[in-house]
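Student: Sharing a structure with you now.
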Amino acid sequence: MESLRPLAAVLVTAAATVPILASRGRPDLREGWTLLAAVANLAIVGSMVPGVLDGTVYESTVGTLVPGVEFTLQADLLGVLFGLVASLLWLVTSFYSIGYMRGLDETDQTRYFAAFAGSVASAVGIAFAGNLLVLFVFYELLTVATYPLVSHDETDEARAAGRKYLTYTFGGGVAVLAGAVMVYWLTGTTAFTPGGIAGLSGVDLTLARVAFGLLITGFGVKAALMPLHSWLPDAMVAPTPVSGLLHAVAVVKSGIFGIARVVLDVFGPETVAEIGMGIPLAALAAFTLTVASVIALRQDNLKRRLAFSTVSQLSYIVLGLAVGAAAAPSQASAYALVGGLLHIPAHAFMKLTLFFCAGAIHVETHTDDISDMAGIGKRMPLTMTAFGIAAAGMAGIPVIAGFVSKYFLLIGTVSAGYLVFTGALLLSGILNIAYFWPVVYTAFFESKDENDEKPLIEGVLGGRLFGHDAALATDGGHADDGDDAANGDHVDGDDAANGEHVDGDDAVDGEYDEHGYADDHEGDHGHPHGGDWDVRGWGGQESTWFMLGPILFAAGGSIVLGVIPDTAVFLEIVREIVFAVTGVRV
Amino acid sequence: MSDLAALIVAFPMLFSVVALLAGLVRQETGWPVAVVGMAVQVLVAAALANRAFEETIRYVVGGFSAPYGIELVVDGLSATMVLLVAVISLAVLAYSRVAGPRTNAFYAVYLLLVGGLTGMSITGDVFNMYVFLEITGLAAYALVASGDGGRSALAALKYLIVGTIGASLFLLGIGYAYIATGTLNMVDLSQQLAEVGYTDPLVQASFALLVVGLFVKVAVFPLHAWQPDAYAGAPDSVSAFISALVSTVAAYALIRIVYTVFTVEFLQANPVAQTLLAAGAVVSIVFGSVLAVSQNEIKRTLAYSSVSQFGIVVGAVALANETAMIGATIHLVGHAVMKGGLFLTVGLIATASGARAVDDYEGLIQQLPLGAGVFGVLALSMVGVPPAVGFVGKWYVVLGAVEAEAWPLVVVILASTMLTLAYFARVLERIFFRDPDGGRVDVSRLSIGMQVTVVVAALAAVALGMLAFEYGQMLQPTVAELLA
């Protein structure tokens, strides 16, 4: 159905760039433009959702780009899925950005907000692209719009991260263009057709594989598939709203979206299985899932840990798509596809919560490393609770969004018979807990006086055999703490005698913690640690509502998606997408 | 109005003389004369183009009928070139009212150059093409030398020496062709050369000499050495003008020689010829970009960028299919607008702040937002960010290469995006993400004409990208005939 709405959705945010730049000296007016554009964008995209669920496809054609390829923007089911995620979360992030940028009194805020508007316009353009070439146009524009955001801080590190980002993403763009040219040459069209372009199912195997490989590589750069993921952790140098919305939601999801389009609407799941690219892609995704989780265990910087978590979680989506393709056509395939696609909004909400929390912590306390965050739950209770909720969802704990998508993925992989991938998913769940739980634990159950080193972060790789480190001693021995020596009334080994030591960790393997203090010793010993965190209550005194509101919204959204995913519209959209592509209803 | 074809060459020459004579009467009257002349030229070119896209115009000069006389042939391709020359000349004039050299002699030579370029674009006779090539060359050497200081003179001397060698090779090639066939008319030559046989050594030698001579003029690596010095040493308006037009029309001449005189059959009979063209293309693309990255002076970076971009055009010429030819033409037009725009922007920035080195561009967005913004847009369109014209030309060429299954060329042309990014990202990072040094910027030295011209160039780069498809459709019959 011809409609101006897809075009309008892209234009309203793109056009907002001009008044934002023009409002350079008036921050409140400038922020007003951002919010106005965000609301308008969400309204336009939201208005298309009921129609799309009924089966209408909204199309805007602007002319011909190159021969045989029209410049079409179409809001179909898959497009609306990504478009809705991007629009909704942009509104939330706009509020958060205001709080964040003002909290840090950042420079170049006008450039920031203008580039942000441009980025979302490009992301919505990607969502509504009607064919591979239009998607490529917006893909490149997204790179151009997000580059100033990565290099925002203008430090050497930021510029280096920006250069790396440009190199990787433009390289990806070249691969996408090459793949698009090949598809056009092989079939005469690049338009998205649910179930795949018909002409691609009979072509020469090598050429089809090359085209598929090029497209997946090109999109895989932004989707942070290993080994093309390395730009993402470095891009964490950007301000947190950028890391959150763009590098956890818009940019990486546009890469994922590209892969989804290629698997579902360019090649189609059955053709992907025919050319034998389903299993290799799934294997790559499973590899990325696990290895990224392992690397995340070692990261002390919270944002880098979240970056690797993103790399890992994105591969859940790719795994779902790949298994869905490999097992096509069958019910297992449909389950896997539903799981993979539902993870797009699920992960977006959860990861955005996590990044928002990291950013709030940075603004309020200038703490970036987990080892400095002991007891921070006192200072920022709402934030850390939201963090805990989102982290639980990441691991796949029920009631939160991540469980629903993981459930579908697990059923899909098991029904298809690929137990290796089921194992990888389960292992990843455990690893998720392993790298998120320490953060929650240290925030709520430790304090600045009383915290342990985290072996996973601070331990030597491979472990210590014979520690020359004084902390290593057998049962009954002393830890040669300077503090202990000074005080003299602590005898670490005399657990039974003194009854003062309650740390459970002491009992393990004879390895002693640095501080073996029981609760009642807190604050007694004139530690060089400095004062403990301020206690703030649960009423929002920990930070500004500009930041807390979005955090709670995103966390709440994760719970809503976990409890009523169909009513929250996303699962319904996903089920319809999969039905349209495979003909199977799950 | 049937003499339009001849008049379009005659008018600039006439106005050139007028400018010179006016200078005897009153100083600084060159610019108004040139503007009037170019305005007339644009109108005539538009009228000509209107007719030429429907039906090729053939005009016989002086009543001496072909193949003995000189014939002027205006098809879609020639009309594009003529219109491009006229529009860009007028745009550079808008820029140079305040900025450029103001002597009458300068504008007289400027108009002479326009005449030479126009003549080269529409002639149907190879020797006539040589004559106009030399007129173009001599006028260009004089324009390059018109800057202040010894640097311009040295650059012009280098350009003169290398350019004359190129033109002499071209003349030799014509000579060989004439010996083989006894005719100089392009259409007639194409028939006669076919009769002589495409594997005849005389014909092959002629081709090689003509192509290498034109490679010098197009500045294909390694015959490009005159270009960085000429572009950097010339005054800013001259750099913009020559970079946009002189190599472009030389590339047009290459297309004309290869396809109208020698035809596709020659390339099929001599695969080595195609290899020669493709090799020149690949080497230019790669080495042009690599050399561009290491330059300290911005104008030299842009000069090496031209070497690289023309490599794409020569590559398209080597492919000999319709899609590639349309791509070559779109890229020629697009590059003229983008490179001319970039040089004008560089001139604008230099006038306001004195910045000539890449390092001087640090933090320019804060001091000169207009110049910095326009530079950014033009640079990104050169890299190939859609929907600007740089992308569209590349798409057609890549598609043509894929259709011809010339995979090495496909890879190199796609890689050229990354290579172009390499040298432009350096400059863009400095402009947008570093703090200024504290140099003084004087915006009052910029005239309205300068600012408007560069903004129009940036807008045109994007708009042409969107219009390129329609243009490709219009060009299609011309290209089909070219390759027949």
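Student: Kindly provide log₁₀ I(q)/I(0) values, in the same order as q = 0.08, 0.11, 0.12 Å⁻¹, from the Debye equation applied to equal alpha-carbon scatterers of chain A.
Tutor: -0.55, -0.97, -1.12
Student: For region B:276-484, what does the relative contact order come out to in percent, with C-alpha contacts under 8 Å and a separation of six or more?
Tutor: 30
Student: Taking a threshold of 26 Å on the Cα-Cα distance, which of the pairs A:K222/A:K454; A:K303/A:K406; A:K253/A:K406; A:K164/A:K448; A:K164/A:K406 fall above it?
Tutor: A:K222/A:K454; A:K164/A:K448; A:K164/A:K406
Student: Right, something else. Alpha carbon centre of region B:127-173 versus region B:245-311: separation in Å?
Tutor: Computed from Cα coordinates, the inter-centre distance equals 19 Å.
Student: So, one more: Nothing charged except the Cβ atoms of Lys and Arg (+1) and of Asp and Glu (-1): what's the magnitude of the dipole of the protein assembly as shown about its Cα centre? Round to the nearest 20 debye.
Tutor: Around 5380 debye, computed over the protein assembly as shown.
Student: In what order do B:S78, A:S201 fall by count of nearby beta-carbon atoms within 10 Å, going from fewest to most?
Tutor: Ordered by Cβ neighbours within 10 Å, fewest first: A:S201, B:S78.
Student: So what are the three principal axis dimensions of the protein assembly as shown from its Cα atoms, in whole Å, longest to shortest?
Tutor: Its Cα atoms span 120, 65, 56 Å along the three principal axes.
Student: Could you grab the relative contact order for chain A? Cα pairs under 8 Å, six or more apart, rounded to a whole percent.
Tutor: With pairs under 8 Å counted, the relative contact order is 14 percent.
Student: Let me ask something else. Contact order normalised by length for chain B, with contacts defined as Cα pairs under 8 Å and 6 or more residues apart; what percent is it?
Tutor: It rounds to 15 percent for chain B.
Student: When the helix-only estimate is applied to chain A (DSSP H runs of n ≥ 4, each -39,500 (n - 2.57), divided by the residue count), what is the mean residue ellipticity at 222 nm, nearest 500 deg cm²/dmol?
Tutor: -21000 deg cm²/dmol
Student: In debye to the nearest 20, how big a dipole does region B:276-484 give about its Cα centre with +1 on each Lys and Arg Cβ and -1 on each Asp and Glu Cβ?
Tutor: So the magnitude is around 400 debye.
Student: Right, here's the next one. For chain B: lysine pairs with Cα atoms under 20 Å, gap of 8 or more or different chains, count?
Tutor: 6
Student: Taking the 0 to 90 degree range and rounding to the nearest ten, how far is the long axis of helix B:150-181 tilted relative to the main principal axis of chain B, both from C-alpha atoms?
Tutor: Value to nearest ten degrees: 10.
Student: Below 12 angstrom from the Cβ of A:F170, what's the summed charge of the other residues (Lys, Arg +1; Asp, Glu -1)?
Tutor: Result for the neighbourhood of A:F170: +2.
Student: Report the calculated FRET efficiency for B:V272 and B:T164 (r = Cβ-Cβ distance, R0 = 25 Å), to the nearest 0.05.
Tutor: With R0 = 25 Å, the Cβ-Cβ based efficiency is 0.35.
Student: Okay, moving on. Please give the residues of region B:416-442, grouped as numeric ranges, whose backbone N is less than 14 Å from a label point set 7 Å along the Cα-to-Cβ vector of B:N296.
Tutor: none
Student: Could I ask something else about it? With only alpha-carbon atoms counted, please give the Rg and Dmax of region B:276-484, in Å.
Tutor: Over region B:276-484's Cα set, Rg and Dmax evaluate to 17.6, 60 Å.
Student: Same structure again: Which percent of the Cα-Cα distances in chain B go past 39 Å?
Tutor: When every Cα pair of chain B is considered, 16 percent fall beyond 39 Å.
Student: For chain B, which span is the longest to avoid every loop-located (per DSSP) member of GluC sites (Glu not before Pro) having at most 11 other Cβ atoms inside 10 Å?
Tutor: Segment B:56-404 is the longest.
Read the figures in this text as sums done on the coordinates, not as results from a lab. Everything numeric in this text was worked out from a predicted model, so none of it was measured. Note that each Cβ is placed from the backbone with ideal geometry, even for glycine, and that neighbours are counted across all protein chains shown.
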